[in-house]
Amino acid sequence: MLEIRNLHVQIEDKKILNGLNLTVHDGEVAAIMGPNGSGKSTLSYVIAGKDDYEVLDGEILLNGENLLDMEPDARAAAGVFLAFQYPLEIPGVATMTFLKAALNAQRKARGDDELSTPDFMKRVRAGAERLHIPQDMLKRALNVGFSGGEKKRMEILQMALLEPTFCILDETDSGLDIDALKIAADGVNALRDPKRSFLVITHYQRLLNYIVPDTVHVMSSGQVVKSGGKELALELEANGYADYRSQAA
C-alpha cells in the first residue's frame with residue numbers, strides 16, 4: 001500500500017524529517033506515536049502534498065506510484081485522505097455543496113459518472129446517521145460554529161463518502177470527550193477493509209483503545225525509531241518517550 005523510503009523534509013530551512021522509512025500494508029491500521037516536535041504532523045502533510053514543505057530526498061510510494069510526483073488533488077484522486085487535527089471553518093460554503101463538489105470531482109478524476117442529487121443525498125444521510133450528525137448540521141456552512149466533536153465527525157463523513165484507499169488521521173482524538181471519541185472511532189472502524197489502510201497519528205493510548213492498530217511506530221527527531229504491535233502503545237503510555245529520544249540519529 002504505502003512505502004516511504006529515506007524521506008528528508010525541511011520547512012523554512014529547518015530539518016524536520018531525517019531519513020524516515022515506513023511501510024503500511026494493505027488493510028493495515030498503523031499508529032504513529034511520538035513526542036511533540038518529532039515530525040508526526042509534518043509526515044501527514046507531506047504525504048497529502050501541503051505546499052510549505054521542501055522534500056530534500058526520498059520517495060513516498062502508494063501502490064507503486066510516487067506521490068511526490070503528483071499535485072495534492074491527484075493524490076486525493078489516487079486514494080489519499082487526510083483528516084486534520086484542526087479542521088478549517090469555511091464561511092459561505094454550504095456543507096452539502098462542499099461534500100457534493102468534492103465527491104463528484106474525485107469521481108470524475110477516477111473516470112466515474114457524477115452522482116445524481118438523489119443518490120448523493122441518500123449517501124450523505126446514511127453516513128450522517130451512522131455518525132450521529134443531525135440534518136441541521138448539514139445545512140450550515142462547513143465547520144462554522146461546529147464543536148470539536150462535530151468537526152471530527154464531519155471529517156469522518158467526508159472520508160466515508162470519498163472512499164479513499166489510504167486514510168491519515170492526524171490526532172483525531174484531539175479535543176474530543178469520550179462520547180465524541182467513541183462515535184468518531186466507530187465511524188473509522190466501519191471503514192476498515194482489506195483494501196484500505198490507515199495511518200493513525202496520536203499522542204495517547206486512549207484512541208487506540210477504540211481504533212485498535214495492527215502496528216505501532218515510535219517517531220523521534222524525524223525518524224521511526226521503533227516499531228511493534230499494539231502492546232507498544234501501552235508501554236509508551238506507562239513509560240513515556242524518554243527511552244526513545246536518544247535512539248534517533
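The values are calculated or read from the model by the stated rules, or taken from the named source; none is laboratory data. Just so we're clear, the structure is a prediction, and the values are computed from it rather than from any experiment. We place every Cβ from the backbone using ideal geometry, glycine too, and count neighbours over all the protein chains shown.
Looking for whichever is out of contact with any strand residue (DSSP E or B) (no Cβ under 6 Å at 6 or more places or on another chain) and closer than 22 Å to Leu17 by Cβ here; the options are Met96, Met70, Met137, Met121. Which one fits? Within the list Met96, Met70, Met137, Met121, the selection yields Met70. Meeting the requirement of 3 or more residues that are more than 28 Å from Gly149 (Cβ to Cβ) and not hydroxyl-bearing (Ser, Thr, Tyr), the helices (runs of 4 or more DSSP H) wholly within the stretch 6-121 are 72-78, 95-109. Out of curiosity, is His8 surrounded by fewer than 17 Cβ atoms within 10 Å (Cβ to Cβ), at pLDDT 95 or above and in contact with an Asp or Glu (Cβ under 6 Å, 6 or more places away or on another chain)? When the stated conditions are applied, His8 passes them. In the stretch 106-124, what residues are modelled with pLDDT of 90 or more and surrounded by 12 or more Cβ atoms within 10 Å (Cβ to Cβ)? Those that are modelled with pLDDT of 90 or more and surrounded by 12 or more Cβ atoms within 10 Å (Cβ to Cβ): Phe120, Met121, Lys122, Arg123, Val124. Within the stretch 28-37, not a single residue is exposed (fewer than 15 other Cβ atoms within 10 Å of the Cβ), within 24 Å of Val188 (Cα to Cα) and either in contact with a Lys or Arg (Cβ under 8 Å, 6 or more places away or on another chain) or of a type in the set (Val, Ile, Thr) (or both). For the stretch 96-106, the count of residues that are more than 20 Å from the chain's Cα centre (by Cα) and over 28 Å from Asn63 (Cβ atoms) is nonzero. So, of the residues in the stretch 13-45 that are touching a helix residue (DSSP H, G or I) at 6+ places or on another chain (Cβ under 6 Å), under 23 Å from Ile211 (Cβ atoms) and of a type outside the set (Gly, Ala, Ser), which turns out to be modelled with the highest pLDDT? Top of the filtered list is Ile32. Scanning the stretch 88-108 for residues that are closer than 21 Å to Gly175 by Cα and touching a Phe, Trp or Tyr at 6+ places or on another chain (Cβ under 8 Å) yields a total of 2.
Residue by residue, here is whether (1) free of Cβ contacts under 8 Å to residues at least 60 places away in the same chain; (2) polar (S, T, N, Q) holds:
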site	(1), (2)
Gly64	yes, no
Leu67	yes, no
Glu71	yes, no
Arg75	yes, no
Val80	no, no
Gln85	no, yes
Pro91	yes, no
Met96	yes, no
